[in-house]
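Take a look at the structure set out below.
The values are calculated or read from the model by the stated rules, or taken from the named source; none is laboratory data. Everything quoted here is computed from the prediction, not taken from an experiment. Reconstructed Cβ throughout: ideal geometry from the backbone, glycine too, with neighbour counts over all protein chains shown.
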Amino acid sequence: MTTFRTEWSGVRFPGTEFTHADRILTSGSCFAQRFGTWLAENKFEVLNNPFGISYQPLAIHDQLCAALTGAGVLPSHFVEREHRYVHLDFHSSLQGGTKEELQTLIGWQQHQVQECLNSAHWLILTYGTAWVYDYLPTGKTINNCHKIPARQFTRRLLNVPDITESFNLLYGELKEKNPALRLLLTISPVRHIKDTLEGNSVSKAVLRVAAHEIRKQHPDVVYFPAFEILLDDLRDYRFYEDDLLHPNSLAEQYIWEKFSNSFFPEATRTRLAQWQSIKKSLAHIPFQPEGPSYRHFLESLLERLQHLAPVLSVENELNEVRARWEAIKI
């Protein structure tokens with residue numbers, strides 16, 4: 001039979017399975033954040049993009065290295081904007097009313113990341129762009145310009161050795177602290193149109209070659225082709241949001257399914273299916289909320305949640321269903 005698309009059939013990665021007993025940290029672009037949100041919604045233990053969105057690899061690596069080593073932040077990279085302080089090495093989601101407040105917040109996030117990485121099973125890194133900005137007053141490559149005047153920066157394109165050498169420093173720190181940690185790399189399929197189509201293509205090419213080189217140097221690092229799945233497998237604007245840049249919910253669901261089939265053992269996929277069914281039941285609006293049929297429905301839902309309780313964190317949902325049942329109990 002003739003086919004009209006190039007489907008990524010998926011592969012199993014022996015010895016690289018995710019389970020609900022694993023602790024996971026995601027770091028990187030907005031796609032990494034969506035990845036972490038999806039995992040959390042499906043009851044995995046996730047520390048999701050704790051330093052906020054970061055697109056370029058050097059910033060992602062440096063943030064994690066600083067957390068692992070206990071390094072402080074550069075005082076000269078604090079910036080006041082609209083009576084709030086931000087830091088050039090972090091996303092604007094980390095901000096404070098004073099430098100001291102922001103420094104405390106960053107320090108707390110670093111502590112959380114360090115504690116997580118010391119015992120985590122997986123670190124998921126998602127690179128978004130190879131274009132970076134150097135801050136002229138310090139000569140340092142920064143993470144976020146925070147809309148301060150462009151004349152204070154120079155823009156340049158990273159090369160593959162820039163990325164691999166930076167990754168190797170992070171890899172060494174990670175393996176020293178937690179030799180059993182596994183790393184998964186992805187390239188964000190979101191196009192950075194502000195870099196122009198040509199600039200975006202060059203940027204993604206650099207990132208993809210860098211990921212390939214990292215895999216060659218570190219065979220225990222796994223690459224998941226989210227980038228290729230959207231651009232080559234789906235390859236249609238009906239899988240994009242209205243901005244024609246970001247994957248829509250249908251595309252994301254397709255990518256998650258491919259990920260599940262590649263990395264989740266059968267027992268995990270079975271629990272996911274059970275949990276998805278329970279999520280739909282939790283959203284159910286009863287026709288007769290005081291009737292006996294709804295009480296029976298809640299009792300059945302309670303039993304299903306109790307069945308999953310030993311392996312999934314469903315305490316909040318159990319309390320919610322018990323409260324609903326108590327509210328209508330005769």
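Key figures for this structure:
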read-out	value
Every pair of residues 6+ apart whose Cβ atoms lie under 7 Å, when the first sits in segment 168-183 and is closer than 17 Å to residue 127 by Cα while the second is in a helix (DSSP H, G or I) and not β-branched (Val, Ile, Thr)	169/61; 169/65; 170/61; 170/64; 170/65
Test: residue in segment 230-240 that is touching a Ser or Thr at 6+ places or on another chain (Cβ under 7 Å), assigned by TED's automatic domain parsing to the domain that holds residue 122 and of a type outside the set (Val, Ile, Thr)	yes
Matching residues, segment 131-165, being among the hydrophobic types (A, V, I, L, M, F, W, C), assigned to a loop (DSSP other than H, G, I, E, B), closer than 16 Å to residue 74 by Cα and within 27 Å of the chain's Cα centre (by Cα)	145
Members of segment 62-78 that are free of Cβ contacts under 8 Å to residues at least 60 places away in the same chain and not β-branched (Val, Ile, Thr)	66, 67, 70, 71, 72, 75, 78
Filter pass, residue 271 being surrounded by 12 or more Cβ atoms within 10 Å (Cβ to Cβ), in a helix (DSSP H, G or I) and modelled with pLDDT under 90	no
Whichever residue in segment 166-213 is in contact with a Cys (Cβ under 7 Å, 6 or more places away or on another chain) and in a helix (DSSP H, G or I) and, among such residues, is surrounded by the fewest Cβ atoms within 10 Å (Cβ to Cβ)	169
Selection count, segment 285-321, where residues are farther than 30 Å from residue 268 by Cβ, surrounded by 14 or more Cβ atoms within 10 Å (Cβ to Cβ) and among the charged types (D, E, K, R)	1
Leading residue by the ranking (nearest to the chain's Cα centre (by Cα)) among those in segment 247-268 that are buried (at least 18 other Cβ atoms within 10 Å of the Cβ) and not in a helix (DSSP H, G or I)	247
Filter pass, residue 124 being among the β-branched types (Val, Ile, Thr) and under 25 Å from the mean Cα position of the chain (by Cα)	yes
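Results for (1) among the hydroxyl-bearing types (Ser, Thr, Tyr); (2) part of a loop (DSSP other than H, G, I, E, B); (3) over 22 Å from residue 187 (Cβ atoms), shown as yes or no for each residue.
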position	(1), (2), (3)
6	yes, yes, no
15	no, yes, yes
53	no, yes, no
94	no, yes, yes
